[in-house]
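The values are calculated or read from the model by the stated rules, or taken from the named source; none is laboratory data. All of these numbers come straight from a predicted model, not from anything done at the bench. Positions of Cβ are backbone-derived with ideal geometry, glycine not excepted, and every protein chain shown enters the neighbour counts.
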């Protein structure tokens, strides 16, 4: 059932709801631990966000190239399904579990079972919380993602030069995703002074008064449809006689729904379209950027993350020193988890080709450029 990441990404944009039930029970590479190759369990949250298809495929490819047997599982964003999948791999005597958690607060009892069998755990992109049984963490600098989004808004609107006021709406990621707080904090720290000074006006009043209130504008499961519904509600309730001019969206899934809501409300693409942020460089969103229906995205080259994670898995299996570059900033409530952080990149219409096409992440054909 494995697809190339490009095909999976393209299919998931349009057919995620069809793929997800199948993926929830999929197994790539087998689950049995009886073969001569060490078993590595790889657990992704969903096929409905295109990036996870890329992550899963890249991890499987890299780990198999290193000589491992790989059980690649998707859980349809159902936490109980992911827990069951992880426990199956534990019973099959996996050597390492690579986990992009759905709810990082709930895995403690399951990972204790892994620790009892001396199975190592690598948290992948999302930190696993409130357990000592997380050995390492591979991710991007997630606060930097939000900082880049906030700085983009700051520059695009000329806020440093005193321009404004602008009508502003903000969204945050899924409340059960630990990364969502990091994304929002990065943007919040940049934009809060402009909200406080009245240069950014939260017409709906939904801008959180403090960072700790970020979950009040979180979109559960990162759902495009939920973001679209929320944006439509705000437009219908607060913008009957005015226009929204800037929207902070933490990722592309939310931005896709927000952009649809704006288009349905007769906001035309191009120079007058609201400034709209994103993250992941998903195919549909990159096309939107080219068409003036989204302003930017923060690209995290998941191929590089998968490559780094695979390298760390090998080090964990071999018992050698694991490469990390941060040992202080990612505390999971139990300990500081040794982490490796990769650097994200801002993508706009001006550098889509030089960054995404020339790197091979997307082809010109993928983006309608050929």
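Do we have any residue at all in the stretch 320-340 that's within 17 Å of the chain's Cα centre (by Cα), at pLDDT 95 or above and assigned to a helix (DSSP H, G or I)? No, that holds for no residue.
Listed here are the residues, each with its yes/no results for (1) touching a helix residue (DSSP H, G or I) at 6+ places or on another chain (Cβ under 7 Å); (2) in contact (Cβ under 8 Å) with a residue 60 or more places away in the chain; (3) closer than 20 Å to residue 120 by Cβ; (4) surrounded by 18 or more Cβ atoms within 10 Å (Cβ to Cβ).
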| residue | (1), (2), (3), (4) |
| --- | --- |
| 325 | no, no, yes, no |
| 349 | yes, yes, no, no |
| 353 | no, no, no, no |
| 365 | no, no, no, no |
| 368 | yes, yes, no, no |
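The criterion of being under 17 Å from residue 335 (Cα atoms), out of contact with any helix residue (DSSP H, G or I) (no Cβ under 7 Å at 6 or more places or on another chain) and assigned by TED's automatic domain parsing to the domain that holds residue 320 does not hold for residue 94. The number of residues in the stretch 155-184 being buried (at least 18 other Cβ atoms within 10 Å of the Cβ), free of Cβ contacts under 8 Å to residues at least 60 places away in the same chain and either outside the structural domain of residue 253 (by TED's automatic domain parsing) or assigned to a helix (DSSP H, G or I) (or both) comes to 4. Going through (1) assigned to a loop (DSSP other than H, G, I, E, B); (2) within 19 Å of the chain's Cα centre (by Cα); (3) under 30 Å from residue 37 (Cβ atoms) one by one, residue 308 falls short only on (1).
Check whether at least one residue in the stretch 50-70 is within 27 Å of residue 366 (Cα to Cα), in the same structural domain as residue 309 (by TED's automatic domain parsing) and at pLDDT below 90, and report yes or no. Scanning the stretch 50-70 turns up at least one residue that is within 27 Å of residue 366 (Cα to Cα), in the same structural domain as residue 309 (by TED's automatic domain parsing) and at pLDDT below 90.
Answer yes if at least one residue in the stretch 226-242 is in contact with a strand residue (DSSP E or B) (Cβ under 7 Å, 6 or more places away or on another chain), at pLDDT 95 or above, part of a helix (DSSP H, G or I) and more than 23 Å from residue 284 (Cα to Cα), and no otherwise. Yes: one or more hits.
Touching a strand residue (DSSP E or B) at 6+ places or on another chain (Cβ under 6 Å), in a loop (DSSP other than H, G, I, E, B) and buried (at least 21 other Cβ atoms within 10 Å of the Cβ), is that true of residue 145?
Details: touching a strand residue (DSSP E or B) at 6+ places or on another chain (Cβ under 6 Å): yes; in a loop (DSSP other than H, G, I, E, B): no; buried (at least 21 other Cβ atoms within 10 Å of the Cβ): yes.
So residue 145 does not fit the description; no.
Per the listing 261, 255, the residue uniquely surrounded by 24 or more Cβ atoms within 10 Å (Cβ to Cβ) and either touching a helix residue (DSSP H, G or I) at 6+ places or on another chain (Cβ under 7 Å) or in contact (Cβ under 8 Å) with a residue 40 or more places away in the chain (or both) is 255.
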